[in-house]
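The values are calculated or read from the model by the stated rules, or taken from the named source; none is laboratory data. Because the structure is predicted, anything quoted here is derived from the model rather than measured. Quick reminder, even Gly has a Cβ in these numbers, built from the backbone with ideal geometry, and neighbours come from all protein chains shown.
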Amino acid sequence: MHRTVLAMLARAAEEYRDRPYVWGKTEGGWASLTFNEFRNTARTLAAGFRSIGIGNGDKVSILCEGRPEWVVAEFATLFAGGISVPLSIKLQPDDVPFRINHSESTMVVCSANTREKLGSVLKKLSRKVKILYVDADEEGLGVLEREHGLKRGKRLFSYQGLLETGREKLPALDAELSEIEKNTGEEDVVTISYTSGTTGNPKGIMLTHKNYYVNVQDSVNIFQVPSAQYRTLLILPCDHSFAHTVGLYAALPRAIEIYFVDARGGGMATIRNIPINLRETNPVFLLTVPALSGNFMKKIQDGVAAKGGIAKKLFDMGVRAGMARFGNVHDRPPVLRRALNFIPHKLADLIVFSKVRQTFGSDIQFCVGGGALLDRKQQEFFKAIGVPIYQGYGLTEAAPVISSNTPFAHKIGTSGKVASSVECHILREDGSECRVGETGQIAIRGENVMKGYFKNEKTTAETIRNGMLLTGDRGYLDEDGFLCVVGREKALLIAPDGEKYSPEEIEEAIMNGSELIEQALVYNDHCAYTGALLTIDEEKARSRIAERGITTADEFLDEVKADLYRFQEDSAYARRFPSQWIPSTFQLLDGHFTEENGMINSTMKVVRPKVLEAYQERLEAMYAEDGQNHRNEANRRVVRALLSLK
């Protein structure tokens, strides 16, 4: 068996020839490429690539939003014998040159949305890269020519123009492309995917054809994906390893239709288009990350709250009843509890939840969550309203899927069962194996483990030992064989006696339980008590101030303190966290953690080292003489500045 990505596409083009593969929104509506059309288009573009000197071993960086042309460009790179370098469109301009230079890319694919970002860093690139511009936008091409001195046909190429060149050259290059495809081996590198770089320079993760092939088979098998019945709207960016494998590549063996969110007009337009596109495309499933599903949950709750009256009462009653009825799903609650909550849940489902689900289109069955820890409350909420999120776990170095909950094995609060091809171990600090239920570092062995970090043998050797990938994540295997991930090794809270605890679940609980708190970073580095850095939702803060007649900063700080502990009123969190790790105090910040200031990375995770560095003084103030008192002068100054209180 030829275990390559190209072989998967060849089989899909033969078996599902005229079924749609990728869809994009155009001026004329939704337009698709069938599996056969897609393969032919990618080979044609590959002929264009070869004709301009892109060939064996060359790297092609793709700095572009998710769209059919993104996928065509990647496969064209592979057909031409090259290696794809997916780049996040959310990268700040200063972060782009390192990745292009380090990967030794000879061409960069960009769009109207990323043209300006790429243009601003061209002088920082170590070589004169070629640029492929994917939009049919003469003005955009003109800007690249005029402002950056790029000549068409030399360094600057349009997507349609290079396709036309490929059509002309394909007859002469067809045999050459077929030979490249035939000789592509499973150990050959498909992509160099850069980490988000939370500390130091990012690392280039080399994933092979075998890595992707095995991970795709695991993914479709554990979900028992039927052939030619599923479609999804891909909201996550294509460079995200979860979307790359479980979206773009897993579509091949099962003929999943991939729709891309309409990104014409840039980031804000994309956000506005998501609810519209959901209704237009009616996905069967969605891929999500906690930041995205959390946003969905808050919008649903706010929408219901705005209606008020009977609708809100029914909704709240139904969510509570659903949570009680389903429990953690795997261990069924007592019969009496299920019976008592059946009718309230069904009534809410019939009257309210059925309408809420229309937000996701008419055919939604489930979501799959990855990217970071998904808070238990989110999982219970979405199960209750009838759109379960099956939480999984993985990392790019593992291509990325390691485990996942599924409709066939689901336990809320866990990251599911480990994939069949993956060998999972939980290790103590001395390298010995943990007992069932004992927390340690998660380590895996399998054919999904990366080839290594590009041009970084030292870190590769530190990360892969005796063929085993050390993930840097902490977790345990429970008595039912479900993997429970508790957080990153490097993000641990540490007590004065050296005891350690992961903060992520507490942070999620705080944010989900509060109306005012938008972001929370819990902190303890050998300190007598735990503290938190908080940002607030200013719009909701002003509503609270008006609603309760608050006139002073101290009164508002009391509200924030009450909100900080609101999660403890929820049965899902009752007695869940040891008291020493629950924040005793907080420092309110006058800004937010964003991608622009580098405190949120491209996968929507908080970059803890950046936050801790930026707010070092506030952290120190938390442990100063007046630090444990939330009504401290630093907090008052922030409230006065943000909300104009006395």
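Worth pointing out:
- Within segment 519-540, being surrounded by fewer than 22 Cβ atoms within 10 Å (Cβ to Cβ) and more than 26 Å from Ile494 (Cβ to Cβ) holds for Asp537, Glu538, Glu539, Lys540.
- Cβ-Cβ distances below 6 Å connect the following pairs, each with a first residue in segment 85-98 that is more than 14 Å from Lys124 (Cα to Cα), a second residue that is part of a helix (DSSP H, G or I), and a separation of six or more residues or different chains: Val85/Ser103; Leu87/Arg99.
- Hits in segment 103-122 - residues which are among the acidic types (Asp, Glu) and either within 13 Å of Asn201 (Cα to Cα) or outside any loop (DSSP other than H, G, I, E, B) (or both): Glu116
- Looking at segment 207-326, the strands (runs of 3 or more DSSP E) lying wholly inside it that each contain 1 or more residues that are touching a Lys or Arg at 6+ places or on another chain (Cβ under 8 Å) sit at 257-260.
- Selected residue (only one of Ile100, Ile131 is in contact with a Cys (Cβ under 7 Å, 6 or more places away or on another chain) and either among the β-branched types (Val, Ile, Thr) or not in a helix (DSSP H, G or I) (or both)): Ile131
- Residue that is surrounded by the most Cβ atoms within 10 Å (Cβ to Cβ), among those in segment 117-133 that are more than 18 Å from Pro237 (Cβ to Cβ) and charged (D, E, K, R): Lys130
- Within segment 332-382, the set of residues being of a type in the set (D, E, K, R) and crowded, with 20+ Cβ neighbours inside 10 Å comprises Asp375, Arg376, Lys377, Glu380.
- Matching option when the condition is under 23 Å from Ala509 (Cα atoms), exposed (fewer than 15 other Cβ atoms within 10 Å of the Cβ) and in the same structural domain as Ala546 (by TED's automatic domain parsing), among Arg618, Arg608, Arg575: Arg575
- Test result for Leu645, hydrophobic (A, V, I, L, M, F, W, C), touching a residue at least 40 places away in the same chain (Cβ under 8 Å) and either assigned to a helix (DSSP H, G or I) or in contact with an Asp or Glu (Cβ under 6 Å, 6 or more places away or on another chain) (or both): no
- Any pair with Cβ under 9 angstrom, 6 or more apart, that starts in segment 415-433 at a residue that is in a loop (DSSP other than H, G, I, E, B) and ends at one that is buried (at least 22 other Cβ atoms within 10 Å of the Cβ) and of a type in the set (Asp, Glu): Ala419/Asp218; Ser420/Asp218; Ser421/Asp218; Val422/Asp218
Yes/no per residue for (1) of a type outside the set (S, T, N, Q); (2) under 23 Å from Leu292 (Cβ atoms); (3) out of contact with any Lys or Arg (no Cβ under 7 Å at 6 or more places or on another chain):
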| site | (1), (2), (3) |
| --- | --- |
| Lys540 | yes, yes, yes |
| Ala546 | yes, no, yes |
| Glu559 | yes, no, no |
| Ser571 | no, no, yes |
| Phe586 | yes, no, yes |
| Asp590 | yes, no, yes |
| Val607 | yes, yes, yes |
| Gln628 | no, no, yes |
| Arg631 | yes, no, yes |
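- All positions within segment 550-575 that are more than 11 Å from Gly513 (Cα to Cα) and at pLDDT 90 or above: Ile550, Thr551, Thr552, Ala553, Asp554, Glu555, Phe556, Leu557, Asp558, Glu559, Val560, Lys561
- The lone exception for Asp94 - which of (1) outside any helix (DSSP H, G or I); (2) modelled with pLDDT under 95 it fails: (1)
- Total residues in segment 589-622 satisfying the condition of being basic (Lys, Arg) and not in a helix (DSSP H, G or I): the figure is 1.
- Only one entry in Thr232, Thr184, Thr195 is touching a Leu at 6+ places or on another chain (Cβ under 8 Å) and either more than 25 Å from Glu37 (Cα to Cα) or surrounded by fewer than 21 Cβ atoms within 10 Å (Cβ to Cβ) (or both), namely Thr184.
- Enumeration of residues in segment 470-525 that are of a type outside the set (A, V, I, L, M, F, W, C), closer than 21 Å to Phe567 by Cα and part of a helix (DSSP H, G or I): Glu504, Glu505, Glu507, Glu508, Asn512, Gly513
- If you go through segment 18-74 and keep only what is basic (Lys, Arg), outside the structural domain of Phe157 (by TED's automatic domain parsing) and assigned to a loop (DSSP other than H, G, I, E, B), you end up with just Arg19.
- Single match in Phe382, Phe353 (criterion: part of a helix (DSSP H, G or I) and touching a residue at least 60 places away in the same chain (Cβ under 8 Å)): Phe382
- Only one entry of Lys124, Lys154, Lys169 meets the criterion of being free of Cβ contacts under 8 Å to residues at least 12 places away in the same chain and either among the polar types (S, T, N, Q) or on the phi < 0 side of the Ramachandran plot (or both), and that entry is Lys154.
- Of residues in segment 52-107 being in contact with a Leu (Cβ under 7 Å, 6 or more places away or on another chain) and of a type in the set (Phe, Trp, Tyr), the one surrounded by the most Cβ atoms within 10 Å (Cβ to Cβ): Phe79
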